[in-house]
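The values are calculated or read from the model by the stated rules, or taken from the named source; none is laboratory data. What you see is a predicted model, and the numbers here were worked out from it, not measured in a lab. A quick note on method: Cβ atoms are made from the backbone with ideal geometry, for glycine too, and the neighbour counts reach across all protein chains shown. Surface areas here come from the heavy atoms of the whole protein model, side chains and all, with no ligands, DNA or RNA. Shrake-Rupley method; radii C 1.70, N 1.55, O 1.52, S 1.80 Å.
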Amino acid sequence: MRIFSGIQPSGAPHLGNYLGAIQSWVQSQNSEAFFCVVDLHSLTQEISPDDLRRQTLELTAALIACGIDPDVCTLFVQSHVPYHAQMNWLLECVASYGELTRMVAFKDKSSRQEAQRAGLLTYPVLMAADILLYKTESVPVGDDQKQHLELTREIAERFNNRYGQTFVVPEFSKPAVAARVMDLQEPSRKMSKSVSSPLGKLDIFDSAEDIEKKIKKAVTDTDGEVRYDWETKPGLSNLLDIFASFSGEPPSHVAERYERYGDLKTDLAQLVISSLEPIAQRYKALLGDPAELEKLMARGAEKAAAVSRPVYESAARAMGLS
Ligand code: AMP
Ligand code: TRP
């Protein structure tokens with residue numbers, strides 16, 4: 001099964017990225033899997049050139065540390081393969097302005113920004129280009145990306161109808177538990193790199209002390225009963241989901257073992273710390289050898305280009321470019 005997914009190099013991955021996306025990538029990786037550090041997408045927000053370069057390298061290292069194996073699948077950086085930007089233009093002439101302004105992520109991000117970059121509006125078209133270039137069948141992403149994937153399917157179908165069968169129409173695939181990790185301080189909102197407060201967001205390379213502090217201070221409720229119930233207990237259910245994702249059991253089973261919030265939080269902190277520690281160690285070792293990382297990235301880009309180039313060329317030809 002051909003799968004493709006992407007993640008922006010806009011800061012250290014947090015628990016939402018790890019449980020909602022990266023962990024399922026690791027489980028699903030095979031020789032037909034493509035994972036992409038989408039540095040072009042990060043240009044839609046304010047980011048310094050030095051930060052973008054450093055974070056791209058760091059995120060590549062983080063993904064490998066989390067278990068993505070560049071010998072098994074293809075791991076690469078979006079801007080290293082020129083067909084993404086080229087295909088983006090072709091698809092911008094297939095997508096419509098109206099459907100782009102209807103994207104919830106656009107409405108949300110643009111309302112929080114003063115000078116809105118045009119790329120913020122066309123961002124989902126670049127994502128569609130990423131996916132369609134690889135004849136992708138399945139796209140493992142968090143719930144928040146579902147609308148973008150629907151747009152990708154729409155674009156693929158419209159292109160195929162207008163210019164002849166060219167693209168595979170991809171399916172959305174979501175991880176079994178913790179598809180959506182919520183902010184630890186405001187459980188009605190998803191954990192997010194840009195919006196969450198420092199206490200609301202747990203980064204996968206946070207120190208053991210910080211992890212413990214953030215979990216202890218996570219907002220719950222006052223009725224004191226440990227029960228998995230998103231309706232009335234979102235804060236606690238979020239913690240149970242996180243626990244369940246790491247321990248591999250249903251969240252309601254975790255809930256049955258605890259009578260007090262404090263005990264659940266103590267055990268959860270230990271579980272998170274011991275699960276993330278080996279990842280942090282591998283991450284440090286990888287960043288200690290940037291030349292090797294560069295080599296891995298170059299090899300990934302070569303493998304990705306070999307697959308995406310013919311797809312780009314057939315789309316360009318179908319549209320009348322010679
Ligand atoms: P981003 O940080 O927006 O580049 O997201 C990278 C990946 O992580 C995407 O697949 C998102 O759907 C996923 N993701 C981001 N935030 C969360 C969250 N709070 N819960 C679950 N998945 C998330
Ligand atoms: N838009 C995604 C996000 O913000 C990242 C992304 C870019 C992506 N291209 C992709 C995800 C292709 C899946 C497939 O999280």
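Observations on the structure shown:
- Cβ-Cβ under 8 Å pairs, at least 6 apart or on other chains, the range 99-117 side farther than 16 Å from ILE155 by Cβ and in a helix (DSSP H, G or I), far side of a type in the set (Asp, Glu) and open to solvent by 100 Å² or more (accessible area, probe 1.4 Å): none
- Enumeration of residues in the range 251-273 that are farther than 16 Å from ASP223 by Cα, of a type in the set (A, V, I, L, M) and in contact with a Phe, Trp or Tyr (Cβ under 9 Å, 6 or more places away or on another chain): VAL254, LEU268, LEU271, VAL272
- Qualifying residue in the range 155-166 (condition: of a type outside the set (Gly, Ala, Ser), in contact (Cβ under 8 Å) with a residue 12 or more places away in the chain, more than 11 Å from ligand 2 (Cβ to nearest atom) and within 29 Å of GLU58 (Cα to Cα)): no
- Qualifying position, being modelled with pLDDT of 95 or more, away from ligand 1 (no atom under 11 Å from the Cβ) and touching a Leu at 6+ places or on another chain (Cβ under 9 Å), among THR60, THR74, THR56: THR60
- In summary, LEU90 fulfils each of the numbered conditions (1) open to solvent by 70 Å² or more (accessible area, probe 1.4 Å); (2) touching a helix residue (DSSP H, G or I) at 6+ places or on another chain (Cβ under 6 Å) with the single exception of condition (1).
- The residues on offer are PRO278, PRO310, PRO251, PRO290, and the sole one that is buried (at least 20 other Cβ atoms within 10 Å of the Cβ) and not hydroxyl-bearing (Ser, Thr, Tyr) is PRO251.
- Filtered residue count, the range 1-34, keeping only those that are open to solvent by 30 Å² or more (accessible area, probe 1.4 Å) and more than 11 Å from ligand 1 (Cβ to nearest atom): 9
- Restricting the range 120-154 to residues that are among the hydroxyl-bearing types (Ser, Thr, Tyr) and more than 17 Å from GLU171 (Cβ to Cβ) leaves a set whose member that is farthest from ligand 2 (Cβ to nearest atom) is THR122.
- Any hit, the range 185-194, residues being open to solvent by 50 Å² or more (accessible area, probe 1.4 Å), in contact with a His (Cβ under 9 Å, 6 or more places away or on another chain) and in contact (Cβ under 8 Å) with a residue 60 or more places away in the chain: yes
- Contact map, the range 263-274: first residue open to solvent by less than 70 Å² (accessible area, probe 1.4 Å), second residue of a type outside the set (A, V, I, L, M), Cβ cut-off under 6 Å, separation 6 or more or different chains; pairs are LEU264/TYR258; LYS265/LYS216; LEU268/PHE243; ALA269/GLU212; LEU271/PHE246.
- Of everything listed in (1) away from ligand 1 (no atom under 16 Å from the Cβ); (2) of a type in the set (S, T, N, Q); (3) free of Cβ contacts under 8 Å to residues at least 12 places away in the same chain, the single unmet condition for GLN86 is (3).
- Of the listed requirements (1) within 13 Å of ligand 1 (Cβ to nearest atom); (2) surrounded by 15 or more Cβ atoms within 10 Å (Cβ to Cβ); (3) not aromatic (Phe, Trp, Tyr), ALA128 misses just one: (1).
The rows are residues; the columns are (1) under 22 Å from the mean Cα position of the chain (by Cα); (2) farther than 16 Å from LEU100 by Cα.
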| residue | (1), (2) |
| --- | --- |
| LYS146 | yes, no |
| ASN161 | no, yes |
| PHE167 | no, yes |
| SER173 | yes, yes |
| LEU184 | yes, yes |
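- Here ALA12 meets the list (1) outside any helix (DSSP H, G or I); (2) of a type in the set (A, V, I, L, M, F, W, C); (3) at pLDDT 95 or above; (4) away from ligand 2 (no atom under 13 Å from the Cβ) almost entirely, failing just condition (3).
- Some residue of the range 67-78 being under 30 Å from LEU271 (Cβ atoms) and not in a loop (DSSP other than H, G, I, E, B): yes
- Note on the range 1-45: residues that are free of Cβ contacts under 8 Å to residues at least 40 places away in the same chain and hydroxyl-bearing (Ser, Thr, Tyr) amount to 1.
- Output for the range 39-62, where each listed residue is within 16 Å of ligand 2 (Cβ to nearest atom), among the aliphatic types (A, V, I, L, M) and either farther than 12 Å from GLN8 by Cβ or open to solvent by 10 Å² or more (accessible area, probe 1.4 Å) (or both): LEU40, LEU43, ILE47, LEU52, ALA62
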